[in-house]
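Engineer: Mind looking over this structure? Questions follow.
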Amino acid sequence: MTSLPPSGDVVGAGRFAPSPTSDLHVGNLRTALLAWLFARHSGRRFLVRIEDLDVTRVAHDPAIARRQLDDLQALGLEWDDAVVRQSERIELYEAAIRLLDADPGTYPCFCTRREIAEAASAPHGAPGAYPGTCRDLSPAERRARAAGRPAALRVRADGSTVRVVDELAGPVEGLVDDFVLRRNDGAHAYNLAVVVDDIAQGVDQVVRGDDLLPSTPRQAWLTSRLGGRVPTYAHVPLVLNAAGRRLAKRDGAVTLADLAARGVGPDAVRSRLACSLGLAEAGEPVPMAVLLDRFDPGSLPREPWVWTDQEASRMSTT
Ligand code: GLU
């Protein structure tokens, strides 16, 4: 194989790509709703991809992905094409590694997290960037280190600074270090899989939580290296809990199932999410078609939305 399968599609696509680690909470659902709105508003297809590379290695409940899809449907999000699961696409990631191995090159890395943290905090080290410890090991050094520990695989990036202009967050610059393509437990890294899949699926619009903003320059760089077209990006502010931290399942009634148990159905949740986006009045029923009609990317709120447990009680009484 000399290149990744071309997307072949004239019409581009947006996507929502949950990891099936736990049920979707209102923050995830709000991001999914935005990904759908951005895609449909721009005439794109909307795809759903289950990012299960991590969870297949540890004991996990396969019913979670099923429930995530059911919840997206209950909220009214319809997608095109069959749902793709990363655990079934290992060949594609290996093909991409072969391409990168040929140019710009890859190398095994034996560093522990601790070694990387120590080396990266040395004077002149770029914060958070891989310092290149294993880049120029001799074959003999590699053999010696391989005896002690399985290797991760890193790409030889050129250390350049890549700039992307995010539709919501504005310009973002980041150093592209020699990041990991395959971890030392054999799992393909998120940055590789997400880029390979986006190219292969014809995704040219990425809408997701802004916790992933720091990964974006690396992903844009990798997209170009693999011959893909860099997508447009819109990173959505996360939903926070009352303490100002990222919303999590332990923050009370936050999933559709929790809310249903309190008498709040999916239509009421959609209405509340729409209201938080400035697309509906409080308690106003809003079908998806109405939301799409009202959607204007330029007037979305740019601050995080705070969800407190009172939301659920307030919604069950409206
Ligand atoms: N699977 C990632 C997550 O659930 C999202 C990846 C992406 O949208 O690029 O956080």
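A short reminder: the numbers here are calculations on the coordinates, not readings from a lab. This structure is a prediction, so every number in the text was calculated from the model and none was measured. In this analysis, Cβ positions are derived from the backbone assuming ideal geometry, glycine residues included, and neighbour counts consider all displayed protein chains.
Engineer: Which residue, P287, P266, P20, tops the fluctuation ranking in a GNM of the chain built on C-alpha contacts under 10 Å?
Structural biologist: P287
Engineer: Would you calculate a helix-derived [θ] at 222 nm for the chain, using -39,500 (n - 2.57) for each DSSP H run of n ≥ 4 and dividing by the full residue count, to the nearest 500?
Structural biologist: On the way: 11 runs with 111 residues, N = 318.
Estimated from H runs of four or more residues: -10500 deg cm²/dmol.
Engineer: Given 0.36 nm per residue, what is the gain on full extension from A261 to E91 after removing their alpha carbon distance, in nm? Working shown, then result.
Structural biologist: Numbers: separation 170, 0.36 × 170 = 61.20 nm, distance 4.21 nm.
Here the answer is 57.0 nm.
Engineer: Right, here's the next one. Compute the angle between helix 26-41 and the longest alpha-carbon principal axis of the chain, please, reported from 0 to 90 degrees and rounded to the nearest 10.
Structural biologist: 90 degrees
Engineer: Pull up all non-local amide H partners of T232: gap of 5 or more, or a different chain, and H-to-H distance under 5 Å with H placed in the peptide plane.
Structural biologist: Those lying under 5 Å, H to H, from T232 are Q205, V206.
Engineer: Now for a separate question. For the stretch 183-196, in order, what is each residue's ³J(HN,Hα) by Karplus, 6.51 cos²θ - 1.76 cosθ + 1.60 with θ = phi - 60°, in whole Hz (x at glycine and Pro)?
Structural biologist: Calculated HN-Hα couplings, in order: 6, 6, 9, x, 6, 6, 6, 3, 4, 6, 4, 5, 6, 4 Hz.
Engineer: Picking from A268, A248, A120, which is most flexible by a Gaussian network model of the chain using Cα springs under 10 Å?
Structural biologist: Greatest mean-square fluctuation among the candidates belongs to A120.
Engineer: Using a simple spin-label model with points 7 Å from Cα along the Cα→Cβ vector, what separation in nm is obtained for C275 and R163?
Structural biologist: About 4.2 nm separates the two model spin labels.
Engineer: Let me ask another. If a cysteine in the chain has no other Cys Cβ under 4.7 Å from its own Cβ, put it on the list, ordered by number.
Structural biologist: Among the cysteines of the chain, those whose Cβ sits 4.7 Å or more from every other are C111, C275.
Engineer: Could you tell me the relative contact order of the stretch 19-165? Use alpha-carbon pairs under 8 Å, at least six residues apart, and round to a whole percent. Could the numbers behind the result be given before it?
Structural biologist: Working: 114 pairs, mean separation 33.1, N = 147.
Relative contact order of the stretch 19-165: 23 percent.
Engineer: Which residues does the label zone of D185 cover in the stretch 138-156, counting backbone N under 19 Å from a point 7 Å along Cα→Cβ?
Structural biologist: 149-154
Engineer: Also, I was wondering about something else. If you fit an axis through the alpha-carbon atoms of helix 90-102 and take the longest principal axis of the Cα set of the chain, what angle between them do you get, 0 to 90°, nearest 10?
Structural biologist: 40 degrees
Engineer: Same structure again: By counting other Cβ atoms within 10 Å of each Cβ, how are E281, E115 ranked from fewest to most?
Structural biologist: On the way: E281 9, E115 14.
Least crowded to most crowded, the residues run E281, E115.
Engineer: Based on the alpha-carbon gyration tensor of the stretch 195-280, what equivalent-ellipsoid semi-axes (square roots of 5 times the eigenvalues) come out, in whole Å, largest first?
Structural biologist: Details: eigenvalues 217, 46, 30 Å².
Equivalent ellipsoid of the stretch 195-280: 33, 15, 12 Å, largest first.
Engineer: What residue among G14, G174, G263 shows peak mean-square fluctuation when the chain is described by a Gaussian network model with Cα springs under 10 Å?
Structural biologist: G263
Engineer: Based on Cβ point charges of +1 for Lys and Arg and -1 for Asp and Glu, what charge dipole magnitude is obtained for the stretch 167-315 about its Cα centre, in debye rounded to the nearest 20?
Structural biologist: Working: 16 positive and 20 negative charges, 66 e Å.
My answer is approximately 320 debye.
Engineer: Could you list S22, S313, S138 in order of exposure, starting from the residue whose Cβ has the fewest other Cβ atoms within 10 Å? Spell out each step's value before the answer.
Structural biologist: Numbers: S22 17, S313 14, S138 8.
Exposure proxy ranking, most exposed first: S138, S313, S22.
Engineer: Using alpha carbons only, how many degrees (0 to 90, rounded to 10) separate the axis of helix 63-75 from the longest principal axis of the chain?
Structural biologist: Between the helix axis and the principal axis of the chain, the angle is about 40 degrees.
Engineer: Mind checking the dipole of the stretch 21-176: about its Cα centre, +1 per Lys or Arg Cβ, -1 per Asp or Glu Cβ, Debye to the nearest 20? Mind showing how you got there, number by number?
Structural biologist: Numbers: 21 positive and 23 negative charges, 85 e Å.
The dipole magnitude comes to about 400 debye.
Engineer: Taking Cα pairs under 8 Å and at least six residues apart, what relative contact order does the chain come out at, in percent? Don't skip to the answer; put the middle values down first.
Structural biologist: Values: 506 pairs, mean separation 63.2, N = 318.
Value for the chain: 20 percent.
Engineer: While we're looking at this one, here's another question. Taking the Cα centre of the chain as origin and charging only Cβ (+1 Lys, Arg; -1 Asp, Glu), how large is the dipole, in debye to the nearest 20? Working shown, then result.
Structural biologist: On the way: 38 positive and 42 negative charges, 141 e Å.
My answer is approximately 680 debye.
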